[in-house]
Amino acid sequence: MKAYTYVERGRFELLDKPKPALLDPRDAIVRVTLGSICTSDLHIKHGSVPRAVPGVTVGHEMVGVVEQVGGAVSSVAVGDRVAVNVETFCGECFFCRRGYVNNCTDPDGGWALGCRIDGGQAEYVRVPHADRGLSRIPDTVSDEQALFAGDILATGYWAARIAEISPGDTVLILGAGPTGICTLLCARLRRPGRIIVCERSSVRRRFVREHYPDVLVCGPEECRDWVLGCSDRGGADAVLEVAGSEQTFRLAWECARPNAVVTVVALYDRPQTLPLPDMYGKNLTFKTGGVDGCDCAEILRLIAAGEIDTTPLITHRYPLQRIGEAYDLFENRRDGVVKVTIAG
Ligand SMILES: [Zn+2]
Ligand SMILES: [Zn+2]
């Protein structure tokens with residue numbers, strides 16, 4: 001089968017590989033019907049994910065059809081349409097039992113697919129711990145509708161959940177890339193009074209204005225004055241930092257009102273500074289880290305109910321055979337690209 005492979009730093013190639021086989025009774029083999037490219041794939045390509053193993057098939061955003069299951073798999077069956085979770089997790093360790101599946105201590109726990117073990121930019125993928133990592137897609141939900149449930153939408157859902165947003169709150173979201181927009185869609189479910197999105201790119205600002213006219217949009221330069229001007233509590237009640245720059249990290253705590261929760265989902269390429277003397281008395285709570293992607297079934301239910309729709313994010317569509325072109329477009333952010341799909 002064809003599999004897009006991390007060959008060496010800076011180089012991915014579409015190679016012929018054997019179709020994956022079951023290695024454990026808890027495994028499933030999924031025929032990938034639709035996948036996507038994530039910014040994390042680019043991080044692997046450029047060598048900034050040291051855990052990524054050369055030779056590995058990349059890709060961790062996909063949906064498909066169950067082709068084969070091991071003897072211990074009970075939640076999905078051959079022929080089921082499924083969304084694949086970015087994280088594999090055992091469901092039994094200390095962290096999994098508390099919902100912190102990103103910290104699962106199983107050897108395959110956490111983000112393994114398309115990083116440490118073969119992923120889904122291929123015709124087939126082996127999914128360990130299939131009972132946890134696969135969610136059945138409701139019949140009324142299309143592949144395109146379900147595509148992001150296991151990764152960027154899981155991240156947005158998790159971020160909005162831990163951000164402690166109350167009805168009526170002013171919410172600031174820093175960054176309107178694909179994950180920022182998923183975060184926006186999930187923050188809305190919490191019925192805040194107002195959402196402000198701060199984004200540096202004018203193309204992305206326009207995308208938000210066009211699709212979500214109820215959201216206030218600003219650039220990073222005017223963000224602080226804007227947010228403070230919009231609030232009679234000295235800042236936003238909840239801040240979600242999904243951009244990952246020095247400037248947005250600073251804005252995250254500057255724009256938060258006293259006693260706010262600042263949720264940092266972004267991945268930075270260098271350490272950031274918390275100037276504690278400047279923040280003294282603001283009594284902020286910071287929450288950080290990678291997604292605990294364990295709400296996939298609930299996300300699919302919300303998609304089926306029409307509460308979440310990520311299909312406007314899909315701007316371009318490619319077959320697996322032309323995945324190299326899709327990467328080129330996505331990486332260079334040409335032609336207003338937000339997300340591309342890769343059809344198996
Ligand atoms: Zn991803
Ligand atoms: Zn675990």
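Computed from the coordinates by the stated procedures, all read-outs in this text should not be read as laboratory data. Every value quoted in this text rests on a predicted model; they were computed, and no experiment measured them. Cβ sites come from the backbone with ideal geometry, for glycine too, and all protein chains shown count toward neighbours.
For the reader, a short list of remarks on this structure follows.
- Value in Å of the Kirkwood radius, where the stretch 154-288 supplies the Cα pairs that are averaged: 14.4
- Net lengthening on full extension, Leu267/Glu210 (0.36 nm per residue, minus Cα-Cα): 17.8 nm
- Modelled spin labels at Asn259 and Ser142, positioned 7 Å past Cα toward Cβ, are 4.7 nm from each other.
- Computed label-point distance, nm, for sites Ser166 and Val203 using a 7 Å Cα→Cβ extension: 4.0
- Helix 220-230 and the longest principal axis of the Cα set of the chain meet at an angle near 60°.
- Modelled label positions at Arg11 and Thr288, each set 7 Å beyond Cα in the direction of Cβ, lie 3.6 nm from each other.
- A straight chain from Leu189 to Glu221 at 0.36 nm per residue would run longer than the Cα-Cα distance by 8.7 nm.
- FRET E, pair His46, Ala72, Förster distance 41 Å, beta-carbon r, rounded to 0.05: 0.60
- Placing a label point 7 Å from the Cα of Tyr100 along the Cα-to-Cβ direction, the residues of the stretch 147-174 whose backbone N falls under 20 Å from that point are 155-164.
- 13 Å cut-off, amide nitrogen to a point 7 angstrom out along Asp232 Cα→Cβ, residues in the stretch 249-266: none
- The alpha-carbon atoms of the chain, seen along their principal axes, cover 59, 42, 39 angstrom, with the largest extent given first.
- Straightening the chain between Ala297 and Asn332 buys 9.3 nm, computed as 0.36 nm per residue apart minus the Cα-Cα spacing.
- For the chain, the number of Lys pairs with C-alpha atoms closer than 20 Å, counting only pairs eight or more positions apart or on separate chains, is 5.
- 0 to 90° range, to nearest 10: angle between helix 202-211 axis and the chain longest Cα axis: 80
- The C-alpha atoms of the chain define a longest principal axis, and helix 152-162 lies at about 40 degrees to it.
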